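Enquirer: Supplied in structure tokens, the structure appears directly below.
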Amino acid sequence: MMTPSYDTLQWQALDENARKDVLQRPVLASSEILSAQVASIVEKVQEEGDQALFALTEKFDGVALKQLAITEQQVEQAKARLSAKRLQSLQQAYDQIFAFHNAQQFSDITVETSPGVVCTLKSEAIESVGLYIPAGSAPLPSTVLMLGVPAKIAQCDRVVLVCPPDKNGNIADEIIVAANLCNVNEIYTVGGAQAIAALALGTNTIKAVNKVFGPGNKYVTEAKKQLSQQIPGFAIDMPAGPSEVLVIADDKANPEFVAADLLSQAEHGPDSQVILVSESQRLIEQTQAAISKQLTRLSRKDIAAQALTHARYIKTQSLQESVEVSNSYGPEHLIVQTESPQQLIGQLRNAGSIFLGAYSPESAGDYASGTNHVLPTYGYSKVYSSLSLADFSRRYTVQTLSKQGLANIAPCILELTDAEGLDAHGNAVSIRLETNNEQ
Ligand SMILES: NC(=O)c1ccc[n+]([C@@H]2O[C@H](COP(=O)([O-])OP(=O)(O)OC[C@H]3O[C@@H](n4cnc5c(N)ncnc54)[C@H](O)[C@@H]3O)[C@@H](O)[C@H]2O)c1
Ligand SMILES: N[C@H](CO)Cc1c[nH]c[nH+]1
Ligand SMILES: [Zn+2]
């Protein structure tokens, strides 16, 4: 097991460059090599289609698959193997996620911006969507619900799920059953960058989709980025990479709770990043002691210990300064365990999902409170939103102007077409007002 780092950094003592270094994501260090590796996987899928999917699965997942598609019979078998308790928990999580996302339904917005000028904002489901479910390190059925529930509510025509195989070539029963709860139409056993390439480019077996959703490791995230830049009309949800959590805690926080929260994300993978920011030296030291004690009891202690080698413990001068550190890092998850966390809402910026108070662990949002756990990482929470129902549809506008409505705004339009020197635009307005057209 690797030795976690327990250095405490005094924020005040760091200059601007040192502060940037401290808040850098660990995975970005090798980005050029990563980009070349992923580009060659994408090229192989483009050239060889299904054959590449089988070959790359054998190379990276260590299994020789006979087929990619999961059959209806396999879905029924997966259901039959799960215990009643597990089925009931999947159903309960589904119901709560459904409740929160169903409340996000869009209604048309119609505004008569000027007499006779009627503008409407409408929404329509994206036709075909691909859901990436990570399973390299741990199979994540909870992610199926986070992606499948909004896709179902949005009524996307075709919902395709991809997931890497385990060492026996299988997808976890819980993933298949969760997909079935969400009415997913197709399930394929393939993961990594090659799965994203198949969804974006299409192969004989896996037809291309319009948009790919879901988190994944650095290969998956890089493939999403590259393909969305290369293929016109193909989109991705967001860069949702290795998990991150930043905890702001004050002197009154329970160090055992804080340690448990940090470990809960450290166990995702060696690339996960966990950060504690506090103005209390005592709380930091007690949390470090609690981490080293709790770590030894975890089944994934080796993975968590690796992530803890780049953990950060940052001592600030005040709660206000802790908030500033968090805002400049832009964490995927932000947990606030302070005396009055509600008072910080409004000041807390750039976080994908915020958990307030001692009894709001991130695990609640990861599984079952109802919010979405697919969230921007790498600091993209500064510009991307957490996943929601809106991501599964597109908005478009419709407008209708009466002749009088057009006449009312014609002087404004003509003045501006003149300013831009675009006569044909102006003509498309004036020709209508000059013509006696009864239609
Ligand atoms: N941001 C979010 O919202 C969110 C949510 C859930 C999970 N996550 C993150 O998702 C990630 C899941 O990662 P994972 O690895 O467990 O599963 P994964 O399914 O993302 O990746 C596994 C695949 O990676 C490919 N791969 C492995 N080694 C490779 C190599 N050397 N070269 C090329 N391809 C290779 C393989 O094809 C394998 O199937 C974790 O980092 C977790 O923290 C993020
Ligand atoms: N914390 C992850 C997002 O970063 C989501 C997850 C799934 N299962 C457990 N956790
Ligand atoms: Zn998690």
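The values are calculated or read from the model by the stated rules, or taken from the named source; none is laboratory data. What you are looking at is a predicted structure, and each value in this text was computed from that prediction instead of being measured. In this analysis, Cβ positions are derived from the backbone assuming ideal geometry, glycine residues included, and neighbour counts consider all displayed protein chains.
Enquirer: Among the residues of the range 267-322, count how many are within 16 Å of ligand 3 (Cβ to nearest atom) and of a type in the set (A, V, I, L, M, F, W, C).
Expert: 8
Enquirer: Also, quick follow-up: For residues that are of a type outside the set (Gly, Ala, Ser) and in a helix (DSSP H, G or I), tally how many sit in the range 219-240. First the steps, then the outcome.
Expert: Here is the first cut: in the range 219-240, the ones of a type outside the set (Gly, Ala, Ser) are 219-222, 224-227, 229-232, 234, 236-239.
Then drop every residue that is not in a helix (DSSP H, G or I), which leaves 219-222, 224-227, 229-230.
Looking only at that region, the number is 10.
Enquirer: If you don't mind, there's one more thing I want to ask. If you take the residues in the range 266-284 that are assigned to a helix (DSSP H, G or I) and touching a residue at least 60 places away in the same chain (Cβ under 8 Å), which one is surrounded by the most Cβ atoms within 10 Å (Cβ to Cβ)?
Expert: Taking the range 266-284 first, the residues assigned to a helix (DSSP H, G or I) are 266, 281-284.
Retained after the next criterion (residues that are touching a residue at least 60 places away in the same chain (Cβ under 8 Å)): 281, 284.
Details: Gln281: 13, Ile284: 22.
Per the criteria, the residue is Ile284.
Enquirer: Can you tell which of Ser363, Ser328, Ser393 is more than 30 Å from Ile153 (Cβ to Cβ) and either over 13 Å from the mean Cα position of the chain (by Cα) or charged (D, E, K, R) (or both)?
Expert: Ser328
Enquirer: A follow-up question, please. Which one of these does Ser228 not meet: (1) surrounded by fewer than 23 Cβ atoms within 10 Å (Cβ to Cβ); (2) assigned by TED's automatic domain parsing to the domain that holds Thr316?
Expert: (2)
Enquirer: Select from the range 361-385 the residues that are more than 14 Å from ligand 3 (Cβ to nearest atom) and part of a loop (DSSP other than H, G, I, E, B) and list them in ascending order. Don't jump to the end; show me each part of the working.
Expert: Residues of the range 361-385 more than 14 Å from ligand 3 (Cβ to nearest atom): 370, 376, 378-385.
Answer for the range 361-385, where residues must be more than 14 Å from ligand 3 (Cβ to nearest atom) and part of a loop (DSSP other than H, G, I, E, B): Gly370, Pro376, Tyr378, Gly379, Val383, Tyr384, Ser385.
Enquirer: Evaluate the following for Ser264: is it within 16 Å of ligand 2 (Cβ to nearest atom) and among the hydroxyl-bearing types (Ser, Thr, Tyr)? Quick ask: steps written out before the conclusion?
Expert: Values: within 16 Å of ligand 2 (Cβ to nearest atom): yes; among the hydroxyl-bearing types (Ser, Thr, Tyr): yes.
Yes.
Enquirer: Also: Can you pull out the residues in the range 18-71 that are hydroxyl-bearing (Ser, Thr, Tyr) and within 12 Å of Ala193 (Cβ to Cβ)? Lay out the reasoning, then the answer.
Expert: Quick first cut of the range 18-71, residues hydroxyl-bearing (Ser, Thr, Tyr) only: 30-31, 35, 40, 57, 71.
If the condition is that a residue be hydroxyl-bearing (Ser, Thr, Tyr) and within 12 Å of Ala193 (Cβ to Cβ), then Ser35, Ser40, Thr57 are the ones that fit.
Enquirer: List the residue pairs whose Cβ atoms are under 8 Å apart, where the first residue sits in the range 374-391 and is more than 17 Å from Phe355 (Cα to Cα), the second is away from ligand 2 (no atom under 16 Å from the Cβ) and β-branched (Val, Ile, Thr), and the two are 6 or more positions apart or on different chains.
Expert: Going by the 8 Å Cβ cut-off, the qualifying pairs are Leu389/Ile153.
Enquirer: Could you tell me whether any residue of the range 194-206 is under 21 Å from Asp391 (Cβ atoms) and surrounded by fewer than 21 Cβ atoms within 10 Å (Cβ to Cβ)?
Expert: No, the range 194-206 contains no residue that is under 21 Å from Asp391 (Cβ atoms) and surrounded by fewer than 21 Cβ atoms within 10 Å (Cβ to Cβ).
Enquirer: Inside the range 386-401, can you point out the residues that are assigned to a loop (DSSP other than H, G, I, E, B) and either within 18 Å of Pro134 (Cα to Cα) or touching a strand residue (DSSP E or B) at 6+ places or on another chain (Cβ under 8 Å) (or both)? Working first, answer last.
Expert: Step one: list which residues in the range 386-401 are assigned to a loop (DSSP other than H, G, I, E, B), which gives 386-388.
Listed by number, the residues that qualify are Ser386, Leu387.
Enquirer: When the range 65-117 is examined, which residues are found to be of a type in the set (Gly, Ala, Ser) and within 30 Å of Leu53 (Cβ to Cβ)? Even if it seems obvious, please write down each step before you answer.
Expert: To start, the set of residues in the range 65-117 that are of a type in the set (Gly, Ala, Ser) comprises 69, 78, 80, 83-84, 89, 93, 99, 103, 107, 114, 116.
Passing the criteria: Ala69, Ala78, Ala80.
Enquirer: Another one. Scanning the range 200-218 for residues that are out of contact with any Phe, Trp or Tyr (no Cβ under 8 Å at 6 or more places or on another chain) and in a helix (DSSP H, G or I), which turns out modelled with the lowest pLDDT?
Expert: Checking each candidate, the answer is Lys218.
Enquirer: It is to be established whether one or more residues within the range 104-112 are hydroxyl-bearing (Ser, Thr, Tyr), within 16 Å of ligand 2 (Cβ to nearest atom) and under 27 Å from the mean Cα position of the chain (by Cα). Explain how you work it out, then say what you get.
Expert: Looking only at the range 104-112, we keep the residues that are hydroxyl-bearing (Ser, Thr, Tyr), and these are 107, 110.
Pick out the ones that are also within 16 Å of ligand 2 (Cβ to nearest atom) and you get none.
No, the range 104-112 contains no residue that is hydroxyl-bearing (Ser, Thr, Tyr), within 16 Å of ligand 2 (Cβ to nearest atom) and under 27 Å from the mean Cα position of the chain (by Cα).
For every residue, the table says whether it meets (1) within 16 Å of Leu246 (Cα to Cα); (2) of a type outside the set (A, V, I, L, M).
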{"position": "Asp302", "(1), (2)": "no, yes"}
{"position": "Tyr313", "(1), (2)": "yes, yes"}
{"position": "Ile335", "(1), (2)": "yes, no"}
{"position": "Gly352", "(1), (2)": "yes, yes"}
{"position": "Tyr384", "(1), (2)": "no, yes"}
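Enquirer: Which ranges mark the helices (runs of 4 or more DSSP H) fully within the range 1-95 that have 3 or more residues being within 27 Å of the chain's Cα centre (by Cα)?
Expert: Answer list for the range 1-95: 16-22, 31-48, 50-61.
Enquirer: Out of the residues in the range 294-334 meeting the condition of being free of Cβ contacts under 8 Å to residues at least 12 places away in the same chain and among the charged types (D, E, K, R), tell me which one is surrounded by the fewest Cβ atoms within 10 Å (Cβ to Cβ).
Expert: My answer is Arg297.
Enquirer: In the range 241-261, what residues are assigned to a strand (DSSP E or B) and within 16 Å of ligand 1 (Cβ to nearest atom)? Write out each step before concluding.
Expert: Going residue by residue through the range 241-261, those that are assigned to a strand (DSSP E or B) are 244-249.
Glu244, Val245, Leu246, listed by residue number.
Enquirer: Additional query: Mind listing whichever residues of the range 71-107 are more than 18 Å from Leu145 (Cα to Cα) and surrounded by 11 or more Cβ atoms within 10 Å (Cβ to Cβ)?
Expert: Gln74, Glu76, Gln77, Arg81, Phe106
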